[in-house]
Amino acid sequence: MTIKITGVRVTPIAFRDPPLLNAAGIHEPYALRSIIEVEAGELLGLGESYGDAPVLAALTAIAPALAGLEIHDLNGLERVIKEELAKLPAAKAGAELAPGSQPSRLLANCFSAFEVAFLDLQAKAAGLPLHALLGGAVRREVPFSAYLFFKYERHIEPEEAPDEWGEAITPEQIVAQAKRMIDMYGFGSIKLKAGTLPPEVEIASIEALSKAFPGLPLRIDPNGAWSMQTALDAAQKLGPLIEYYEDPVAGLDGMAQLHRETGLPLATNMVVISFDGFRESIKRNSVQIVLSDHHYWGGLRATQHLATMCNTFNLGLSMHSNSHLGISLMAMAHLAAATPNLSYACDTHYPWVEDADEVVVGGKVAISGGCVRVGDTPGLGVELDRARLARAHATFNRISIRTRDDLGQMRKYDPDFSGKQPRY
Ligand code: GKR
Ligand code: MG
């Protein structure tokens, strides 16, 4: 059966984001995404990707060229994307903490944005849930971890109302944040974003979490903001408490040295973000766990290839996230459901999203018992709510943010903030 693409829409949206601290600076009051709709007659396939200007420009340029492709022709999709990208001016470097916005990832993340929508269409046309198309679910309940952030009580912009999470700049406040998030969603593991406050506070926060939640797997992620010495010192205290040490130092060589000297399992979404990086990491034994992310690894099928590589080289596999909504969450969940060796709970920023900002029917996708359930509804299992989408698009039109800039945002609080790395 031949089913052709009849139309493609890319809608930029923005949603509220709390003042979350990270190694680069602080989140702006709004996060950007793009919502992709691929039509084939009566059928509609959905995708969600980055909304930063360079990616958005590329997605928008590619969209009209996809009409006429057959929904199963993913090689054709890649060919058309390459042709359209070749016509665009070369993109400038993007924010480091949003790996998908790096120019070198443009092909991979454009392909992914449309591939998910094509696969959603294929699954709907076959009357199958997406996980069935990806090889079948090995788990129906996909575990996610509680993703904790140090944060300020409110954004510096006076017109932005405070969020419901409150301030978190001490170990006690981080434990309170974890309790609230676990009460709300039932998470069975915890990730702490670090590289932002002095390391003593961050280490003390892991110690406090370990006391407050005995037995719960813990991770810490300084996003490469620690010097080798800081990471080595911290390893002595953190080692016995964490399941993995995520990007404590920058670079493949730094990670390799840290692993040699500590023996701790190191995870990354910074030094291995492509198959080239994977090869280089294997040569040096830089990382023991790769955090996959279909948005910049080149789609759901490419991420399954990554899973095979991890299996082949005996590496662990986990899943990274950036600020996202429910379409991305469901793509992540179907992929994780169909990936046997994804052996750690996935990351997600979803708890930081407010229900009113979601664009799918029914509002936020449920996370219960720490898991997202993948069912038997054909495709991704979520539908677009047109009124919600229009609201999120209106928000995008109202604000002036067009590319994520955590560093620039931090300089509004502290004009002398250098952004120099390693930070500690
Ligand atoms: O949202 O601030 C953030 C995170 O730091 C994000 O940008 C990272 O890409 O979550 C990510 C990570 O695991 O490094
Ligand atoms: Mg990370």
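Counting only residues at least eight positions apart within a chain, or on another chain, the lysines with an alpha carbon under 20 Å from that of K124 are K4. Helix 171-185 and the long axis of the chain differ in direction by around 30°, with both axes built from C-alpha atoms.
Normalised Debye scattering of the chain at q = 0.14 Å⁻¹ gives log10 I(q)/I(0) of -1.35, counting only Cα atoms as equal scatterers and leaving out solvent.
What value, in deg cm²/dmol to 500, does the helix sum -39500 (n - 2.57) over DSSP H runs of n ≥ 4 give at 222 nm once divided by the residues of the chain?
Here the helix-only value at 222 nm equals -11500 deg cm²/dmol.
Among F114, F313, the sequence by solvent-accessible area, most first, with a 1.4 Å probe is F313, F114. A crude spin-label estimate for the pair R411 and S343, with each label 7 Å from Cα along the Cβ direction, gives 4.4 nm. Potential lengthening of the chain between K420 and L232 amounts to 65.7 nm, from the contour at 0.36 nm per residue minus the alpha-carbon distance.
Which is the longest run of the chain containing none of the trypsin sites (Lys or Arg not before Pro) found in DSSP loop states (not H, G, I, E, B) with at most 16 other C-beta atoms within 10 Å? Here the longest segment lacking exposed loop sites spans 155-401.
Largest mean-square fluctuation among Q229, Q257, Q122, in a Gaussian network model of the chain whose springs join Cα atoms under 10 Å apart, belongs to Q229. Beta-bridge orientation, segment 132-384: approximately 25 percent antiparallel, per DSSP, counting only bridges with both partners inside. Sorted largest first, the principal axis extents computed over the alpha-carbon atoms of segment 132-384 equal 50, 47, 35 Å. Residues in the chain average 37 Å² of solvent-accessible surface per residue, probe 1.4 Å, ligands and nucleic acids excluded. Cross-link partners of K191 among lysines, defined as those whose alpha carbon lies under 21 angstrom from its own and excluding same-chain residues fewer than eight positions apart: K151, K179, K211, K237. For segment 17-72, the list of GluC sites (Glu not before Pro) that fall in a loop by DSSP and count at most 16 other C-beta atoms within 10 angstrom reads E42.
Against the chain, whose longest principal axis comes from its Cα atoms, helix 106-126 is set at around 60 degrees. Shown for the chain: the carbon plus sulfur share of the solvent-accessible area, taken with all protein chains present and a 1.4 angstrom probe, equals 53%. Of the candidates G41, G51, G326, which one comes out as most mobile in a Gaussian network treatment of the chain with C-alpha springs shorter than 10 Å? Per the Cα network of the chain with a 10 Å cutoff, G41 tops the list. Between the helical axis of 386-398 and the longest alpha-carbon principal axis of the chain there is an angle of about 60 degrees. Comparing mean-square fluctuations of E383, E261, E207 from a GNM of the chain with C-alpha springs under 10 Å, the top value falls on E261.
The values are calculated or read from the model by the stated rules, or taken from the named source; none is laboratory data. Values in this document were obtained by computation on a predicted structure and should not be read as measured data. All Cβ positions, even for glycine, are placed from backbone atoms using ideal geometry, and neighbour counts span all protein chains on display. Only protein heavy atoms, including side chains, enter the accessible area calculation; ligands, DNA and RNA are left aside. Shrake-Rupley method; radii C 1.70, N 1.55, O 1.52, S 1.80 Å.
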